[in-house]
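Single-structure report; data block below.
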Amino acid sequence: GIEDLNMPIHHTRQWCVDNSQYDLSVCLAAIRIQNWKRLYDSIIDSLSGKYSFELVFCSPEQELPTELQDKLNVKLITDFGCVTRANQIAALACTGKYINWASDDGWYFDYKLAEILDILEEANTLKTVVIAKYVEGNQRCSNDMFALNYSNTTRSPYFPNSYLSFNFAVLRTNYFHELGGFDCQFEACPMAYADLAARAQRDLCNLIPLW
């Protein structure tokens, strides 16, 4: 949980840290430094100029790529842990109203993040969570793939078949913290996302699938 990583965060290095609050924080465990600028640019296009954002990397890298070093809304935290731990450390550094986690081998569809934030702003409740489809490999995920019991790695007799995954989710940052963040006992991020999703749905979150 969040309290478990209060100590390790002090042993990290950060660049370009801005304490102002953004509309959206995107956090990720990152190793593919050659893709980071593409991801950054795709967030700009996906928000359509309507919302501000910060991008928080947690990575073994010591420096941001040259093309991102002058961006005040980009943070880099150096850490050598597993993917879930890196995601959690990055999440602790987020200051945005809403939070989302990404992969550095992907990018965002044009206008999609703006659409999601519009929905969240209209809902204006703490426990609203929007999930959306994404592309894995060259294939867009089917509806079935969002069920927690779809995959052998996340299936559980304790999960109702109606429970959906948080592989791609946007929610209020303070609700993410209230839920306890990512559980670092799950080194593989799909299992950590499933665990977070189960906790949110047991908490009767207002879950909005954007298919």
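If you count the DSSP beta bridges with both ends in the chain, what percent of them are antiparallel, to the nearest 5?
Taking every DSSP beta bridge within the chain, about 35 percent pair in antiparallel fashion.
Give me the percent of the accessible area of the chain that comes from carbon and sulfur atoms, probe 1.4 Å, all protein chains in place.
Roughly 50 percent of what the probe reaches on the chain is carbon or sulfur.
Taking R0 as 30 Å, what FRET efficiency do you get between Q21 and L210 from their Cβ-Cβ distance, rounded to the nearest 0.05?
Working from the Cβ atoms, E equals 0.80.
Top mean-square fluctuation among A91, A102, A123, Gaussian network model of the chain, C-alpha springs under 10 Å?
For the chain, modelled as a Gaussian network with Cα springs under 10 Å, the answer is A123.
Using a Förster radius of 35 Å, what is the FRET efficiency between D110 and E61 based on their Cβ-Cβ separation? Nearest 0.05, please.
0.80
Which entries in K97/K133; K50/K112; K37/K97 show an alpha-carbon gap greater than 19 Å?
Beyond 19 Å between Cα atoms: K97/K133; K37/K97.
Ignoring everything but the protein chains, give the 1.4 Å probe accessible area of S48 in square angstrom, nearest 10.
50 Å²
Where in the range 109-132 does the label zone of D203 land, with the point 7 angstrom along Cα→C-beta and an amide N cut-off under 13 Å?
126-130, by backbone N distance to the label point.
When the chain is fully extended, how far beyond the present Cα-Cα distance does E178 get from D41, taking 0.36 nm per residue of separation?
46.3 nm
Have a look at G181, G49, G96 and tell me which one the Gaussian network model of the chain (Cα, springs below 10 Å) gives the largest fluctuation.
For the chain, modelled as a Gaussian network with Cα springs under 10 Å, the answer is G49.
Leaving out ligands, DNA and RNA but keeping every protein chain, what accessible area does C189 have, in Å² rounded to the nearest 10, with a 1.4 Å probe?
30 Å²
In deg cm²/dmol, rounded to 500, what helix-only [θ] at 222 nm does the chain give when every DSSP H run of at least 4 residues adds -39500 (n - 2.57) and the total is split over its residues?
For the chain, the value works out to -8000 deg cm²/dmol.
Quick one: order F176, F186, F168 from most to least accessible surface, probe 1.4 Å.
The ranking, largest first, comes out as F186, F168, F176.
The values are calculated or read from the model by the stated rules, or taken from the named source; none is laboratory data. Just so it is clear, the model here is predicted, and its values are computed rather than measured. Counting neighbours? That spans all protein chains shown, and the Cβs are built from the backbone with ideal geometry, glycine included. Surface accessibility is based on the protein's heavy atoms, side chains included, excluding ligands, DNA and RNA. Shrake-Rupley method; radii C 1.70, N 1.55, O 1.52, S 1.80 Å.
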